[in-house]
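What follows is calculated from the coordinates using simple rules that are stated; it is not laboratory data. Since we're looking at a predicted model, the values are computed, not measured. Here the Cβ is made from the backbone with ideal geometry for all residues, glycine too, and neighbour counts use every protein chain on show.
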Amino acid sequence: MTLIDTLFPLGWQHYLLGGLTIGAGVALLYLFNGWVGGMSTVFSSSWSFVLKRDFFRQDRFLNTRNWRLIYALGVVLGALVWRFALAGGEAQHTSVPAWQLLLGGFLVGYGARLGNGCTSGHGICGLGSLQLPSLGAVLTFMATAFMTANLLAITTKGLA
Amino acid sequence: MNTQTLNPHTLTLPKALVTLLAGALFGFGLSLATMVQPEVVLSFLRFQDWGLMLVMGGAAGLALLAYKGFPRWFARPLLGGQFLTQPASWNRQTVIGSAIFGMGWGLSGVCPGPAIAALGTGNTDILWALAGIVLGGLAHGLTARD
């Protein structure tokens, strides 16, 4: 067994190719529109459509809420194209329990907005623009994610 | 065209189409890289598969080229406006928020991009996570002081 097989038991090409495709999307948005395309802001900015609260009515949300929704719609379309072009059209499933998805999702949404970025905002756009605070954010969420995922693996059996 | 008077946020039809295409590349890439499967993300977080490093590295590498290169090579974005920046700051909120984000990520194996992409892959299980993120964003906004 080579080192490559050990690090990437499912192969490595699709990871790199997928990452480059994501990067191409981010680059395209910058080249044509001049916009930085992190993903989590849409979960704050979209609330401004229905809520009057001052927090949601900041310029940084009002100015970008329309394109952020279109960007999210594009993500859905891209995933849909992948499903029908490469995955035989089958709907995907996950064996992660619903409570983990719901509670985990809540923490993801709350934390990403409090910390002003997620895996794409800090991880791709922040690191891509060489911002030290984003490196700090990435190291922080990687550390707590490693801890949580491994604690969970120890305390529960037969998961994922 | 006077770029000083052009609002860099103005959403024209061509810009909307580019945004849609950029999002589609993002969603297709996430799916191709199997980041839309929480099991794969969790196996990375349990040190069983280092693929996520290649995904993030490949994406951040291209983003680096874009963010550093385009403003040097072009006076303005190809569809007008200006190359915007989004400065990150290092403070208590960034640390605490990122720590909470990581806990949720480690619990669910889902982050915002893949949660949205699940609507396209037809992974209805992940709608639980999407609902959680939507509510988490709301809870943050309702309790934020700024």
Over the stretch A:102-160, consider all pairs of different Cα atoms and compute the Kirkwood hydrodynamic radius from their mean reciprocal separation; express it in Å, one decimal.
12.4
Considering just Cα atoms, how many Å³ per residue does the convex hull of the stretch B:72-146 enclose?
175
Nearest 10, in degrees from 0 to 90: the angle of helix A:65-86 to the longest Cα principal axis of chain A is 30
Selection from A:GLY105, A:LEU51, A:THR140, by position along the positive dipole direction of the stretch A:45-157 (Cβ):
A:LEU51
Going by how many other Cβ atoms sit within 10 Å of their own, how do B:LYS68, A:LYS52 line up, fewest first?
A:LYS52, B:LYS68
Working note, chain B: Cα radius of gyration (Å, one decimal) and Dmax (Å, whole number) are 18.0, 54
Toy charge model, Lys and Arg Cβ at +1, Asp and Glu Cβ at -1: the stretch B:1-113 dipole around Cα centroid in debye, rounded to 20, equals 380
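Remind me, relative contact order of chain B in percent, using alpha carbon pairs under 8 angstrom and six or more residues apart?
Here the relative contact order equals 33 percent.
The stretch B:53-146: which chymotrypsin sites (Phe, Trp or Tyr not before Pro) are DSSP loop and have at most 15 other beta-carbon atoms within 10 angstrom?
B:PHE74, B:TRP90
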How much FRET efficiency would the formula 1/(1 + (r/R0)^6) give for A:THR6 and A:MET147, where r is the Cβ-Cβ distance and R0 is 30 Å, rounded to 0.05?
0.85
Charges at C-beta only: +1 for Lys and Arg, -1 for Asp and Glu. How large is the resulting dipole of chain A about its Cα centre, in Debye rounded to 20?
500
Distance in nm between label sites at B:LEU65 and A:ALA98, each 7 Å beyond Cα in the beta-carbon direction?
4.5
State to the nearest 20 debye the size of the charge dipole of the protein assembly as shown about its Cα centre, where the only charges are +1 on K and R beta carbons and -1 on D and E beta carbons.
800
At each listed q (0.10 Å⁻¹), what is the log10 of I(q)/I(0) that the Debye formula gives for the protein assembly as shown modelled as equal alpha-carbon point scatterers?
-0.49
What is the local net charge at A:VAL50, summed over the other residues whose Cβ is closer than 14 Å to its Cβ (Lys, Arg +1; Asp, Glu -1)?
+4
Limiting things to C-alpha atoms, what are the Rg and the maximum Cα-Cα separation (Dmax) for chain A, in angstroms?
18.0, 59
